[in-house]
1. Looking at Gln54, Gln63, Gln94, which is the one that is over 22 Å from Arg35 (Cα atoms) and in the same structural domain as Asp33 (by TED's automatic domain parsing)?
2. Out of region 80-95, which residues are within 15 Å of Asn119 (Cα to Cα) and in contact with a Lys or Arg (Cβ under 9 Å, 6 or more places away or on another chain)?
3. Can you confirm whether Arg51 is modelled with pLDDT under 85, surrounded by fewer than 13 Cβ atoms within 10 Å (Cβ to Cβ), of a type in the set (Lys, Arg) and out of contact with any Phe, Trp or Tyr (no Cβ under 8 Å at 6 or more places or on another chain)?
4. What pairs come out if I take residues in region 141-162 that are buried (at least 20 other Cβ atoms within 10 Å of the Cβ) and pair them with residues that are at pLDDT 90 or above and not in a helix (DSSP H, G or I) whose C-beta lies under 7 Å away, six or more apart or interchain?
5. So the check is Cβ under 9 Å with 6+ separation or different chains; which pairs have a first residue in region 95-110 that's among the hydroxyl-bearing types (Ser, Thr, Tyr) and a second one that's not in a helix (DSSP H, G or I)?
6. Report, ordered by the first and then the second residue, all pairs with beta carbons closer than 6 Å, sequence separation of six or more or different chains, a first member in region 163-187 that is in a helix (DSSP H, G or I), and a second member that is of a type in the set (Ser, Thr, Tyr) and crowded, with 19+ Cβ neighbours inside 10 Å.
7. All but one of (1) of a type in the set (Asp, Glu); (2) more than 23 Å from the chain's Cα centre (by Cα); (3) at pLDDT 85 or above hold for Glu267, so report the exception by its number.
8. Report, ordered by the first and then the second residue, all pairs with beta carbons closer than 8 Å, sequence separation of six or more or different chains, a first member in region 19-36 that is over 15 Å from Thr79 (Cβ atoms), and a second member that is assigned to a loop (DSSP other than H, G, I, E, B).
Amino acid sequence: MARPVMDPSRAPVAFGQRAVPQLFEQLQQPQSDTRQRVLTSLCDLIHEPERLYQTVNGGFLGQLKDLLMDEDPSVRAKTCELLHLLTAHSTGRQALLSSSLLPPLSQLLDDSSISCRRNVHRVLNRLSLLPAGAEALLTLVPKLLLKLSEEEEDDEEVQVLLLSTLSRCSRLDTLPALASDGVSLLGQKLSHRSPNIRREAAAVLMALSVPEEGKLQVCDEALLPVLIGLLQDKDVEVQANAAGVIMYTVIITRACEIVGQVFVVTETLKVTCESPPAGKQQCLDLDVIPILLHMVTKNEEEEDAKERKALIMYSLQALTSLAEVPKGRSLLLPRLPLLTRRSEAAEEDRDIRKAAQTAVSVTSSAIPLKYKPHSSSDPDPEVCMVEVRFDGFVWKLCWKQTNCDQMWFRTASPYSEQCGPDQLLESVNARC
């Protein structure tokens with residue numbers, strides 16, 4: 001009678017409920033090759049939900065801690081693979097977060113074995129699917145950003161996993177990434193040859209551009225030209241994520257930043273802007289409006305509608321923000337019929353129709369601030385102004401439509417300590 005053929009790469013497995021406990025007992029063997037075979041058999045068993053629950057609820061996870069620090073890189077890599085399979089289920093993810101395995105697991109980000117590092121990134125990426133997991137990984141964000149610049153360019157999977165994990169963590173809290181020069185590092189990935197890496201890098205940037213500090217960093221790092229270029233990418237998700245970053249960044253209008261002393265001379269406060277233009281002005285200078293309109297009005301097959309919804313929504317909201325300033329509105333007014341058709345189409349998606357209606361309303365409405373030619377003291381008809389009131393004092397911010405780099409304030413009332421320049425500039429920045 002012929003003997004059954006045994007796979008030399010796997011350990012023998014007991015029948016039924018005894019299989020998992022017996023294999024974990026064998027993990028205590030001193031021989032490295034024995035531990036490898038046992039881990040391989042466990043990886044096979046863990047695909048069965050019943051065996052996974054038995055592993056989690058049986059208190060066996062703690063035994064893997066020593067294996068994560070094993071001298072044999074193959075054992076470490078196989079242990080991480082087992083954890084990756086465990087985290088395929090929510091129960092496994094929650095059990096891993098409740099265990100003491102996360103610190104030794106994170107130390108393997110610097111492991112010499114690429115196979116081990118790849119499995120670690122797979123585990124961390126699955127943990128970040130849970131809000132509690134993303135929160136637990138926030139302390140690792142600076143290290144993950146450092147690994148992003150260190151990992152081999154050819155290993156696309158590791159970089160995509162890294163970026164995906166960073167995206168989920170940054171949606172929860174942007175501060176760790178912003179404080180670690182994350183915007184600059186991610187900007188380098190926007191031009192990567194892989195569409196997957198471009199897509200994930202833009203997704204992280206979209207999360208980071210939600211707070212004001214992130215918006216300013218995107219402007220200061222001169223990433224808007226690259227992002228506008230990505231609007232014409234062949235990958236729809238890359239386009240959508242790039243449009244999302246633009247949508248958030250275009251909100252800010254930095255009226256001015258004071259450099260040095262602010263001084264008052266004969267009732268005139270003169271301000272010179274020496275900082276880079278903020279989101280709106282940069283996008284207008286880069287002529288983004290025709291590209292965004294093309295995204296909104298482009299006809300696609302019905303099967304692509306769901307994939308394109310985010311792109312269209314982000315583009316419409318970016319156009320709405322640009323329509324809040326005179327230059328943007330003047331560029332959009334001739335194309336208003338295109339937006340109007342989209343806002344009135346009965347077959348259009350309800351969210352898209354509502355966003356288009358908002359864009360039409362803002363574009364066709366009166367100027368939200370009080371702009372008018374200041375002809376009395378500025379005969380140039382291109383000079384505009386906006387009134388700002390403090391405690392009964394009226395200040396007038398004046399500038400030319402063709403050049404907003406230089407602005408100045410005038411007041412008909414005497415200068416008052418109750419109406420200082422810092423208060424005035426804070427109000428103007430908030431209103432503009």
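The values are calculated or read from the model by the stated rules, or taken from the named source; none is laboratory data. In this text the structure is predicted, and so the values were computed from the model without any measurement. All Cβ positions, even for glycine, are placed from backbone atoms using ideal geometry, and neighbour counts span all protein chains on display.
1. Details: Gln54 fails: over 22 Å from Arg35 (Cα atoms); Gln63 fails: over 22 Å from Arg35 (Cα atoms).
Only one candidate qualifies: Gln94.
2. So in region 80-95, the residues within 15 Å of Asn119 (Cα to Cα) come out as 80-88, 93.
Result: Cys80, Glu81, Leu83, His84, Leu86, Thr87, Ala88, Arg93.
3. Values: modelled with pLDDT under 85: yes; surrounded by fewer than 13 Cβ atoms within 10 Å (Cβ to Cβ): no; of a type in the set (Lys, Arg): yes; out of contact with any Phe, Trp or Tyr (no Cβ under 8 Å at 6 or more places or on another chain): yes.
No; evaluated as a whole, the condition is false for this residue.
4. Val141/Ser180; Leu145/Ser180
5. Correct list of pairs: Ser106/Leu137.
6. Hits for this filter: Thr165/Ser128; Arg168/Ser128; Ala177/Ser170.
7. (3)
8. Going by the 8 Å Cβ cut-off, the qualifying pairs are Ala19/Val13; Val20/Gly58; Val20/Phe60; Pro21/Gly58; Pro21/Phe60; Gln22/Val13; Gln22/Ala14.
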